[in-house]
1. If only one of Val89, Val82 is closer than 20 Å to Ala39 by Cβ and either at pLDDT 85 or above or buried (at least 17 other Cβ atoms within 10 Å of the Cβ) (or both), which one is it?
2. Cβ contacts < 8 Å: first residue under 9 Å from Gly88 (Cα atoms), restricted to region 31-59; second residue at pLDDT 95 or above and outside any helix (DSSP H, G or I), any location; separation 6+ or different chain. Result?
3. Report, by residue number, each residue of region 71-118 that is within 13 Å of Tyr60 (Cβ to Cβ), assigned to a loop (DSSP other than H, G, I, E, B) and acidic (Asp, Glu).
4. Residue by residue through region 44-92, note down the ones that are out of contact with any strand residue (DSSP E or B) (no Cβ under 8 Å at 6 or more places or on another chain), among the polar types (S, T, N, Q) and within 17 Å of Gly119 (Cβ to Cβ).
5. Check region 48-60 and report whether any residue there is assigned to a loop (DSSP other than H, G, I, E, B), surrounded by 15 or more Cβ atoms within 10 Å (Cβ to Cβ) and either polar (S, T, N, Q) or at pLDDT below 90 (or both).
Amino acid sequence: MKLNTRRFTALLIAGWLAFTPWAQADEIESYGQTTGRKALSGMANIGTSFLELPKNVINYTNESNFAFGFGFGTLQGIVDSVWRIAVGVSDLILAPLPTQPVVYPLYVWQDFETDTTYGPIFRLCTPTDNPCIYKHQ
């Protein structure tokens, strides 16, 4: 069976547009929207985890000097990349559970100057989360 890349790309873009947080920013998310967003963020975190390397090198270089930034930023970038992949895989597997995110910022390209942090696992969304948007607490 031959993979039709045009259809796959169109479906991927349509799914991304349907579940982006900015598309429903002021609405209460349904269960389907929450799980779809969680699955798509998992795929995005797996696919873009390598961007943690330049992000950390740039941030640590800006805070100190090039030698420290390149050395420690590279090590921290590798660690953050591995953790972002792990969080992405867990988001894909556990997409049916409406939990809040573990990683902040949700995507590596959001708030690029902020260090990546990790929160509690399995923190369920409650009805007071209006909407259950990925937020850092």
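1. On the way: Val82 fails: closer than 20 Å to Ala39 by Cβ.
Testing whether each residue is closer than 20 Å to Ala39 by Cβ and either at pLDDT 85 or above or buried (at least 17 other Cβ atoms within 10 Å of the Cβ) (or both) leaves just Val89.
2. Once the first residue is under 9 Å from Gly88 (Cα atoms) and sits in region 31-59, no partner that is at pLDDT 95 or above and outside any helix (DSSP H, G or I) comes close enough.
3. Across region 71-118, the qualifying residues are Glu113, Asp115.
4. In the first step, residues of region 44-92 are kept if they are out of contact with any strand residue (DSSP E or B) (no Cβ under 8 Å at 6 or more places or on another chain); the result is 44, 46-82, 85-86, 88-92.
From what is left, the residues that are among the polar types (S, T, N, Q) are 48-49, 56, 59, 61-62, 64-65, 74, 76, 81, 90.
Ser90, the sole residue that qualifies.
5. Within region 48-60, the subset assigned to a loop (DSSP other than H, G, I, E, B) is 48.
If we keep only those that are surrounded by 15 or more Cβ atoms within 10 Å (Cβ to Cβ) too, we end up with 48.
Of the ones still in play, those that are also either polar (S, T, N, Q) or at pLDDT below 90 (or both) are 48.
Yes, region 48-60 contains a residue that is assigned to a loop (DSSP other than H, G, I, E, B), surrounded by 15 or more Cβ atoms within 10 Å (Cβ to Cβ) and either polar (S, T, N, Q) or at pLDDT below 90 (or both).
The values are calculated or read from the model by the stated rules, or taken from the named source; none is laboratory data. All figures in this text were calculated on a predicted structure; none of them were measured in a lab. Every residue, glycine among them, receives a Cβ derived from its backbone with ideal geometry; neighbour counts consider all protein chains shown.
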